[in-house]
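Asker: Okay, handing you the structure first.
Just so it is clear, none of the values below were taken in a lab; they were calculated from the coordinates. Worth saying up front: this structure is predicted, and the values here are computed from it rather than measured. All Cβ positions, glycine included, derive from the backbone under ideal geometry; neighbour counts span all protein chains shown.
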Amino acid sequence: MASEGHLSAIKGAKVLMVGAGGIGCELLKTLALSGFQDIHIIDMDTIEVSNLNRQFLFRQSHVGQSKAKVARDAVLNFRPGMSITPHHANVKDPEFNVDFFKQFNVVLNGLDNLDARRHVNRLCLAADVPLVESGTTGFLGQVTVHIKGKTECYECQPKPAPKTYPVCTITSTPSKFVHCIVWAKDLLFAKLFGDKNQENDLNVRSSDATNSSEQAKDVFERRKDEDFGQYGRRIYDHVFGYNIELALSNEETWNKRKRPRPIYSKDFLSEELNHQNGNVDNSCLTDAFSSVSAMASLGLKNPQDKWSLLESTRVFLEALKQFFLKREKEIGNLSFDKDDQLAVEFVTAAANIRAASFGIPLHSLFEAKGIAGNIVHAVATTNAIIAGLIVIEAIKVLQKDTDNYRMTYCLEHVSRKMLLMPVEPYEPNKACYVCSETPLLLEINTYRSKLRDFVEKIVKAKLGMNFPLIMHGSNLLYEVGDDLDDDMVANYAANLEKVLSELPSPVNSGTMLTVEDLQQELVCSINIKHRDEFDEEKEPDGMVLTGWTQAPAVVGNGGSTSNARQAEAEKDTEVDEISEPSGKKRKLSEVDIPNAADGTGNHKEVKELDDDDDDDDLVMLDDLDSVTKKKKRLQ
């Protein structure tokens with residue numbers, strides 16, 4: 001039975017809920033049944049069929065509608081007296097600024113990506129509003145509390161770096177199917193359908209280029225009067241045949257490796273098929289995104305069937321043709337999307353053909369999509385448990401019950417006779433550049449690197465700033481915003497193309513840059529240190545940032561020290577695994593922390609997926625490495 005203090009705190013609270021997906025549906029229901037009266041919801045997504053098996057507020061008739069609005073209507077059906085305000089929008093939109101956040105007593109996150117989480121964390125710090133963060137993956141989950149000046153913020157501890165693989169492995173010596181997926185997705189798909197000006201290792205000239213003018217042409221550019229069948233087979237022969245032969249010419253590479261075999265379309269396809277692939281069936285032309293499918297055209301129905309090499313070849317050519325026939329306007333601006341059926345078909349087929357060349361087992365479309373999206377299946381029960389824990393912590397926050405705040409971890413297996421492991425929160429990390437404003441150090445070649453490199457690779461990609469302003473002392477080097485006049489825009493655009501040492505206010509070793517995001521009200525200082533050379537494999541950006549809180553890229557499957565778990569993860573899906581809470585035993589509220597499955601300190605990042613092959617929520621689950629670190633507990 002709730003106390004009078006509980007009820008008073010609940011009824012008088014104004015709550016912002018960010019995310020109305022797997023966790024969000026459960027959270028809104030629990031908030032409503034707990035007595036909360038005033039709730040705002042922000043979610044930019046619309047409802048998909050594959051959401052319906054666990055996002056219980058939605059029905060078949062709601063497909064295509066706003067999640068935030070439908071969730072509101074569903075809850076008002078059984079709690080009609082509430083005030084629920086839906087916002088079908090991106091939380092990073094300018095309207096959701098610091099002043100907007102200040103009107104709330106607590107913010108509850110049920111988000112699906114790291115970038116949005118960081119953004120909300122910064123707005124909560126600027127607005128001085130408590131944040132309750134959450135995440136689930138499979139049977140694992142967590143809830144954490146972040147109070148400005150009292151507990152660590154969401155970015156005080158390392159978050160996952162994007163999963164990366166050495167370029168040489170991807171382009172030359174793949175040994176796992178995931179390597180073939182990355183090659184097909186990030187190199188081949190990007191080259192064919194993305195930015196045409198990008199250069200990558202697929203651009204080597206084919207042996208059929210007999211003269212200098214022919215060699216000057218891009219291999220991937222479709223020639224005049226070349227039908228789609230001829231173009232598709234030429235691309236096929238280039239990437240799976242000629243490029244492999246070129247790789248084989250380096251004998252030293254294959255001294256201790258199994259040699260791949262070049263694959264050419266003529267080995268599998270007749271001239272009749274080539275002619276068929278070149279025909280245009282105008283009767284089936286459509287702009288309907290979801291209706292375009294190479295599998296449907298070829299009569300392949302089951303996504304869990306493993307295609308033969310011949311079937312993969314046919315899907316590859318058919319998918320390529322479909323892109324040019326039905327989605328030509330998008331070509332040049334496309335990036336891989338796991339929800340794009342045709343893109344998944346093309347990448348699966350290309351990965352299978354490359355895998356066959358290197359003696360790697362072939363995979364089904366279902367398996368390939370899981371690998372491409374770092375997918376882990378969702379468990380609705382976990383979402384419900386985490387939603388309940390969020391509300392419990394929210395009530396403590398509203399009552400300012402500081403002594404009883406808890407970070408709670410939901411475990412997959414019983415440990416110490418417990419499935420829920422509570423841990424006391426910790427003080428802010430004094431080295432956190434977000435909540436402590438500690439200066440960062442950037443090693444960079446100031447004579448080669450442009451301001452654009454700094455903005456794209458550091459300010460946006462690593463520091464997560466959306467509307468950056470960069471200053472050297474009192475000199476403004478770069479700024480974005482709608483209120484800039486044309487001369488200023490042109491001036492900053494020109495600065496972007498200048499190397500750091502040649503800017504109007506030169507940036508050299510020892511320079512201190514101030515970077516600010518006006519929307520997030522975040523200010524960060526960066527010390528510049530000139531460095532001549534960088535390791536292309538280990539430091540591909542050509543610059544190294546020290547002092548920020550993202551962990552280094554993990555190797556293998558999350559750096560787990562558990563051989564059994566790592567072997568299981570590598571067996572099929574190749575996703576970064578979440579390690580269970582770990583660390584030395586420390587007494588926390590009469591509870592001992594279980595032993596480590598991962599002691600690396602790396603937080604892991606995976607994506608949820610239900611049985612209908614939809615990855616609804618990208619979720620962050622921190623391990624209990626924070627327990628093992630020597631951080632001060634709240635007193």
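Asker: Could you compute Rg(Cα) / (2.2 N^0.38 Å) for segment 432-511, with N its residue count? Spell out each step's value before the answer.
Answerer: Values: Rg = 12.8 Å, N = 80, 2.2 N^0.38 = 11.6 Å.
Relative to the 2.2 N^0.38 Å estimate, segment 432-511 comes out at 1.10.
Asker: Something else now. Can you give the net charge of the other residues whose Cβ lies under 13 Å from the Cβ of A32, counting K and R as +1 and D and E as -1?
Answerer: Working: positive: K11, K29, R72, R79; negative: E26, D38, D73.
Net of charged neighbours comes to +1.
Asker: Over all distinct alpha-carbon pairs, what is the Kirkwood Rh of segment 40-151 in angstrom? Intermediate values should be presented prior to the final figure.
Answerer: Details: mean 1/r = 0.0649 Å⁻¹.
Hydrodynamic radius (Kirkwood, Cα pairs) of segment 40-151 is 15.4 Å.
Asker: Continuing with the same structure: What's the long-distance tail for segment 361-411, i.e. % of Cα pairs beyond 12 Å?
Answerer: Values: 933 of 1275 pairs.
Distances greater than 12 Å cover 73 percent of the Cα pairs.
Asker: Relative to the compact-globule scaling 2.2 N^0.38 Å, provide the ratio for the alpha-carbon radius of gyration of segment 223-267.
Answerer: Values: Rg = 13.5 Å, N = 45, 2.2 N^0.38 = 9.3 Å.
The reported ratio for this selection is 1.44.
Asker: Of the cross-linked pairs K148/K417; K301/K462; K400/K430; K102/K462; K102/K338, which ones have a Cα-Cα span greater than 31 Å in the structure shown?
Answerer: K148/K417; K301/K462; K102/K338
Asker: With θ taken as phi - 60° and the coefficients 6.51, -1.76 and 1.60, list the Karplus ³J(HN,Hα) couplings across segment 70-84 in order, rounded to whole Hz; mark glycine and proline as x.
Answerer: Here the 3J(HN,Hα) series is 5, 4, 4, 4, 5, 6, 5, 5, 10, 9, x, x, 7, 10, 10 Hz.
Asker: Next up: Considering only DSSP states other than H, G, I, E and B, which trypsin sites (Lys or Arg not before Pro) in segment 397-437 qualify as loop sites with at most 12 other Cβ atoms within 10 Å?
Answerer: Values: sites: K400, R406, R416, K417, K430; in loops: K400, R406, R416, K417, K430.
Here the trypsin sites (Lys or Arg not before Pro) that fit, given the DSSP loop and packing criteria, are K400, R416, K417, K430.
Asker: Compute the normalised compactness of segment 387-479: alpha-carbon radius of gyration over 2.2 N^0.38 Å, N being the residue count.
Answerer: Values: Rg = 21.0 Å, N = 93, 2.2 N^0.38 = 12.3 Å.
Normalised Rg, Cα atoms only: 1.71.
Asker: Output wanted: per-residue J couplings in Hz (rounded whole) for segment 222-234, from phi through Karplus 6.51 cos²θ - 1.76 cosθ + 1.60, θ = phi - 60°, x for Gly and Pro.
Answerer: With the stated coefficients, segment 222-234 comes to 6, 7, 4, 6, 9, 6, 5, x, 5, 4, x, 6, 5 Hz.
Asker: Kirkwood hydrodynamic radius of segment 1-92 from all distinct Cα pairs, in Å?
Answerer: Its Kirkwood hydrodynamic radius stands at 13.4 Å.
Asker: Can you quote the Å³ per residue value for the convex hull of the Cα atoms in segment 399-538, rounded to an integer?
Answerer: On the way: hull volume 27.5 nm³, N = 140.
Taking the convex hull of the Cα positions in segment 399-538, it is 196 Å³ per residue.
Asker: Also: Which residues in segment 98-131 place their backbone N less than 17 Å from a point set 7 Å from the Cα of D541 along the Cα-to-Cβ direction?
Answerer: Answer for this model: 114-116, 118-119.
Asker: Something else about it: Once the other residues with Cβ under 15 Å from the Cβ of N508 are scored (Lys, Arg +1; Asp, Glu -1), what is the net sum?
Answerer: Values: positive: R448, K450, K498, K529, R531; negative: E443, E502, D532.
Result for the local shell: +2.
Asker: Take segment 285-408, drop everything but the C-alpha atoms, weight them equally and run the Debye formula without solvent; then report log10 I(q)/I(0) at 0.15 Å⁻¹ to two decimals.
Answerer: These q points yield log10 I(q)/I(0) values of -0.72.
Asker: Grab the alpha carbons of segment 306-364, take their convex hull, and tell me the volume per residue in Å³.
Answerer: Values: hull volume 4.9 nm³, N = 59.
Dividing the Cα hull volume of segment 306-364 by its residue count gives 83 Å³.
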